[in-house]
Structures are given as structure tokens and as C-alpha cells.
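Report on one structure; see the data block that follows.
The values are calculated or read from the model by the stated rules, or taken from the named source; none is laboratory data. As the structure is a prediction and not an experimental result, all values here were calculated from the model. Virtual Cβ from ideal backbone geometry, glycine too; neighbours counted across all protein chains shown. Surface areas here come from the heavy atoms of the whole protein model, side chains and all, with no ligands, DNA or RNA. Shrake-Rupley method; radii C 1.70, N 1.55, O 1.52, S 1.80 Å.
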Amino acid sequence: MPPKDKKKPMDTNQNLAERVKELSCLYEVSSIFQEHDQQDTKSILYKVAQVLKKALRNSVEACVEIETPKHHIKTEEILSDKVSQSSAIFLFKKPSGTIYIHYPTSQFQEVDFLEEEQKLLNKVAYEISIFIEKRELQEKEEWLQRSAQRNDRLAILGEITAGIAHELNTPLGNMLGFAEFIEEQTTDASIRRDSKKIIEAAIFSREVVKKLMFFACEMPQNREHINIKPVVEQALSLLSQSFKKGEVHVKLVAKEDVESQIDSIQLTQVLFNLLINAIYASPPNSTITCSLTQDDDRIYIDIADQGKGIPDKFAKKIFDPFFTTKPVGEGSGLGLSVVHGIIKSHKGTISHSHNTPKGTIFEISIPKQYN
């Protein structure tokens with residue numbers, strides 16, 4: 001194939017016109033970031049790509065592409081046979097994306113690239129970096145504010161809840177004791193049946209009170225250096241009938257022993273709540289996977305089901321006390337709040353994400369050493 005003709009150099013007027021276009025481009029890009037700050041990031045990046053494309057000497061043939069960890073923008077379909085200019089996008093001093101200008105190889109070679117356009121590309125990449133960093137910092141700040149507000153509400157609610165729980169314990173104990181006494185002494189079948197209902201209701205209420213006390217952090221902790229794997233195995237064993245009843249399989253993934261300074265009883269409470277929820281959400285013949293891993297400083301427990309998943313509209317509410325999607329009488333709405341409180345008291349974190357192809361994964365992270 002004969003070599004392509006090299007593009008003719010620009011005269012002074014053309015050169016000046018190109019520089020004006022580049023300055024206009026930088027001004028427009030800056031204006032987009034300032035004036036459209038409330039729009040979603042993808043829309044803003046697309047506008048930037050369009051402005052950059054117009055500023056290029058060969059704008060008709062050019063395709064601008066922007067790649068970041070969360071977005072992929074392109075002004076046209078990208079040809080397989082192309083020659084490209086590029087500039088890296090850095091987020092917090094780390095390479096985190098690239099902005100490209102592509103041209104068809106049928107018309108262009110690398111020698112056709114202008115040094116001034118490379119400088120323009122570098123400047124736009126820098127402006128994108130600053131914009132995305134600012135957005136991520138804003139999102140993090142908003143998340144921290146929401147988290148602080150939530151923790152304040154939980155602290156106040158915890159104090160109220162602790163008082164209620166203590167006040168309820170005594171009358172519930174009396175109700176349970178007298179109902180059991182009546183059931184033992186009576187020979188009347190209807191009275192025995194009614195007494196049994198009272199006993200069941202009192203036991204259920206006492207379990208709710210216990211959860212309230214866990215939620216309010218009123219239960220004493222006994223942290224010891226223990227091997228986590230046997231605790232997880234025991235929890236799975238104790239729930240074996242629940243797995244069987246729900247026709248759900250369970251799989252433990254743990255390649256090695258994992259140790260942490262933790263309250264084994266409270267860890268069991270966490271596992272029970274998460275696994276029972278997973279069973280409730282799982283369809284027959286599906287699998288719940290419990291994974292146990294570690295690094296130098298922390299242990300990680302993941303519980304993944306294959307249910308319907310958590311709807312986005314409920315995603316931010318599931319750890320709130322008394323929030324439940326279960327029918328009345330099937331859940332107190334305290335299980336995940338208890339879990340959140342226990343993990344937090346161990347200086348750990350708990351989050352959830354979508355499982356693939358469907359379902360939910362609850363991810364727990366706890367320090368190995370409590371300070």
C-alpha cells in the first residue's frame with residue numbers, strides 16, 4: 001500500500017484559528033463543570049467529549065472516548081482500525097482512566113497528531129480528574145454526614161430501648177410463669193390450649209426484648225481470641241433443620257482457620273440473624289454460601305443467598321430498627337439492627353451488595369485485634 005500523504009502544515013491564520021478553538025474548548029469545559037454540577041457524571045462527561053471533539057483540527061473524522069472506573073463515554077462508534085492520541089486520568093494521584101482521540105487509519109497516521117492538541121488533551125484530562133475527585137469527595141462527605149446522623153438517632157433510640165426492655169422483662173417473666181403454672185395445674189382442654197397460646201406469645205415477646213437489649217448494647221461482651229471457623233460450623237449445624245425445612249442447601253467456604261478477638265455468643269447471634277433471613281429469602285433448591293477469609297488485620301464473613309435480592313428503595317433502610325418487609329407477626333424488624341450493633345461494637349463493618357446472577361451478599365469485616 002502506498003504511504004499516506006502527510007498533512008500540509010497550517011499557515012499563520014489557520015494556526016491562530018486552531019489556538020482560539022482550543023482556548024474556547026477549555027473555557028467551555030470549565031463552564032460545563034461549574035454550570036452543570038447537579039447533573040449526573042455521565043451526562044457531564046459526554047458534554048465534555050463533544051466540546052473537545054469540536055475543538056480538534058480534524059473534528060469530523062475524530063472520535064473522542066473517555067474511560068473512568070464508573071463510566072465509558074464515546075462520541076461515535078469506535079473503528080477497529082484506528083490511530084489514537086491519549087492522556088491519563090488520575091484520581092487521587094492514581095491512574096484511573098484515559099481520554100482518547102481516535103482517527104481512522106485510512107486517513108491518518110501518528111505524524112498527523114498536533115503537539116498543541118496533545119497539550120489540550122492533557123489539560124482536559126486534568127480537568128476531568130479534578131471534577132471526578134470533587135464529586136467523590138462530596139459523595140463521601142454526604143455519606144459520612146448521613147452515617148453520623150443515623151448513629152446519633154440510633155444512640156438516642158438505644159437509650160430509650162434499653163429502658164423499655166428492662167421494664168418489660170419483669171412482667172413478661174411473671175406472665176410466662178403464671179401461664180406455665182396454669183397449664184400444668186388445669187385439666188380443662190380449652191384452658192390448657194389458651195395457656196399454651198399465652199406461653200408462646202410471652203416467649204416471642206421475651207425474644208423481642210432480648211433483641212432490644214442487643215440493639216441497645218446492654219448485653220455484656222466477653223471478647224476472646226477464638227478460631228472463628230468452629231463458631232460458623234456450629235451455627236450452620238444448629239440451623240440444619242431450618243435449611244432442610246426451607247429446602248435450601250448450604251455451603252461453607254473456608255480454606256484456613258481464622259482467628260479474631262470476638263464474643264462468640266454475639267457472633268453466633270449475628271450468624272443466626274443473617275442465615276435465617278437468607279433462608280427466608282431463598283427459593284427451594286437454591287444455595288446459601290458462607291465464606292470465611294482473612295488478611296493481616298481483619299477477618300471477613302460473607303453470607304450470599306440466591307433470593308430476589310433487596311430492592312433499591314429498601315437498600316438504605318434495612319439496618320434501621322423496626323424496619324421489616326416480612327408480614328406482621330413474622331418479624332420484629334430488629335434482627336439486622338442487632339447485627340449492625342454487634343458488628344459496630346466490635347469495631348467492624350457490615351454492608352450488602354447484589355449477588356450474581358441474583359440474590360444478596362452480606363459482607364462482614366472485623367478487626368482481628370480489639371483495641
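For a quick check of your reading of the model, give me the residue pairs whose first member lies in segment 64-93 and is free of Cβ contacts under 8 Å to residues at least 24 places away in the same chain, whose second is open to solvent by 50 Å² or more (accessible area, probe 1.4 Å) and not in a loop (DSSP other than H, G, I, E, B), with beta-carbon atoms closer than 8 Å and at least 6 apart or on different chains.
Ser84/Tyr100
Do we have Lys74 as closer than 25 Å to Phe33 by Cα and either modelled with pLDDT under 90 or within 25 Å of the chain's Cα centre (by Cα) (or both) here? Working first, answer last.
Numbers: closer than 25 Å to Phe33 by Cα: yes; either modelled with pLDDT under 90 or within 25 Å of the chain's Cα centre (by Cα) (or both): no.
Criteria not met by Lys74.
Restricted to segment 274-300, and to residues that are modelled with pLDDT of 90 or more and touching a helix residue (DSSP H, G or I) at 6+ places or on another chain (Cβ under 7 Å), which residue is nearest to Val338 (Cα to Cα)?
Leu274
Just wondering, is there one or more residues in segment 317-330 that are surrounded by 14 or more Cβ atoms within 10 Å (Cβ to Cβ), at pLDDT 85 or above and hydroxyl-bearing (Ser, Thr, Tyr)?
Checking segment 317-330: not a single residue is surrounded by 14 or more Cβ atoms within 10 Å (Cβ to Cβ), at pLDDT 85 or above and hydroxyl-bearing (Ser, Thr, Tyr).
On the basis of being at pLDDT below 70, farther than 30 Å from Phe92 by Cβ and assigned to a helix (DSSP H, G or I), does Ile191 make the cut? If you could, list the steps in order and put the result at the bottom.
Values: at pLDDT below 70: no; farther than 30 Å from Phe92 by Cβ: yes; assigned to a helix (DSSP H, G or I): yes.
Criteria not met by Ile191.
Somewhere in segment 97-107, is a residue open to solvent by less than 30 Å² (accessible area, probe 1.4 Å), within 20 Å of Leu137 (Cβ to Cβ) and touching a Pro at 6+ places or on another chain (Cβ under 8 Å)?
Looking for residues that are open to solvent by less than 30 Å² (accessible area, probe 1.4 Å), within 20 Å of Leu137 (Cβ to Cβ) and touching a Pro at 6+ places or on another chain (Cβ under 8 Å), one finds at least one in segment 97-107, hence yes.
For Val209, which of the numbered conditions (1) modelled with pLDDT under 70; (2) in a strand (DSSP E or B) fails to hold?
It fails just one condition, (2).
I'm told Ala55 meets every condition in (1) farther than 14 Å from Pro104 by Cβ; (2) in contact with a strand residue (DSSP E or B) (Cβ under 7 Å, 6 or more places away or on another chain); (3) at pLDDT below 90; (4) of a type in the set (A, V, I, L, M, F, W, C) except one. Can you identify the failing condition by its number?
Condition (2) is where Ala55 drops out.
When residues of segment 294-305 are filtered for being of a type in the set (Val, Ile, Thr) and within 12 Å of Ser260 (Cβ to Cβ), how many remain? Outline the logic, then answer.
Going residue by residue through segment 294-305, those that are of a type in the set (Val, Ile, Thr) are 299, 301, 303.
When the remaining residues are screened for being within 12 Å of Ser260 (Cβ to Cβ), the result is 299, 301.
So the count comes out to 2.
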